[in-house]
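Structure first, commentary second.
We did not get these values from a lab; they are worked out from the coordinates using the rules stated. Quick caveat: nothing in here was measured; it's all calculated off a predicted structure. Don't worry about glycine lacking a Cβ; one is built from the backbone with ideal geometry, like all the others, and counts go over all protein chains shown.
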Amino acid sequence: MTRKDIIDTEVRTPAENARSFLATLCVSFTIMMVVCMALGTIFAGEESKQGIMYCWSLLGACVCTTALQFVFFTPTVIKRMAYPLRLFLFGICLYAVLAVLAVVMRWFPADMAGAWVSFTISYLVALAVATAAYAAKHRREERTLNEKLNEYRRNNS
């Protein structure tokens, strides 16, 4: 009799084990950070509050980014939209969220034009790198699926 509630790590690939490890690491780190930030917000001295608030703002940025990804890159909210338009709207909305957080949380001096130029260039570079990485991953998955589909058609025709 095979128990289905036990995960057999012997049959999982090294890549699956690595993904599981990294996911567990990220979740446990996030939980510990939130707990420590909450305790720090309550008990830390005034000299530490700015750093703790900076951490809260980064968590807020992550939550907003994830929400925007859900809105623009799943069919749950927007059923039909061309990918370039999704990417453009996502980019604008995320930039607006990050700009508001930058001003409110004083990530940099908001009255300095050079700081805004640096922020904008950094944002655009990060968005371009993430987009390129996702596009490469998508092309690789599409190629693999097409190869398997062609193999299936050859074997069943």
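Here the Karplus relation 6.51 cos²θ - 1.76 cosθ + 1.60, evaluated at θ = phi - 60°, turns the backbone of the range 64-79 into coupling constants of 5, 4, 5, 5, 5, 4, 4, 5, 8, 10, 10, x, 5, 9, 10, 6 Hz, with x for every Gly and Pro.
Computed from backbone phi, the HN-Hα couplings of the range 41-52 come to 4, 7, 10, 6, x, 4, 5, 9, 4, 4, x, 5 Hz, rounded to whole numbers (Karplus: 6.51 cos²θ - 1.76 cosθ + 1.60, θ = phi - 60°; Gly and Pro given as x).
Can you classify the chain as rounded, prolate or oblate using the Cα gyration tensor, where a ≥ b ≥ c are the square roots of its eigenvalues, rounded means a/c under 1.5, and otherwise it's prolate if a/b beats b/c and oblate if not? Verdict is oblate for the chain.
Toward the positive end of the charge dipole of the range 44-156, with +1 on the Cβ of Lys and Arg and -1 on the Cβ of Asp and Glu, the farthest Cα among MET53, TYR123, TYR83 is that of TYR83.
How much length is gained if the chain between SER122 and PHE108 is pulled fully straight, taking 0.36 nm per residue apart and subtracting their Cα-Cα distance, in nm to one decimal? Intermediate values should be presented prior to the final figure.
Numbers: separation 14, 0.36 × 14 = 5.04 nm, distance 1.32 nm.
In short, 3.7 nm is gained.
Across the range 137-147, computed HN-Hα scalar couplings (Karplus, 6.51 cos²θ - 1.76 cosθ + 1.60, θ = phi - 60°) run 4, 5, 4, 5, 5, 5, 4, 4, 5, 5, 4 Hz from first to last residue, x flagging Gly and Pro. Computed from point charges on the beta carbon alone (+1 for Lys and Arg, -1 for Asp and Glu), the dipole magnitude for the chain about its Cα centre is near 740 Debye. The simple spin-label model puts a point 7 Å past each Cα toward its Cβ; for THR144 and ARG19 those points are separated by 0.8 nm.
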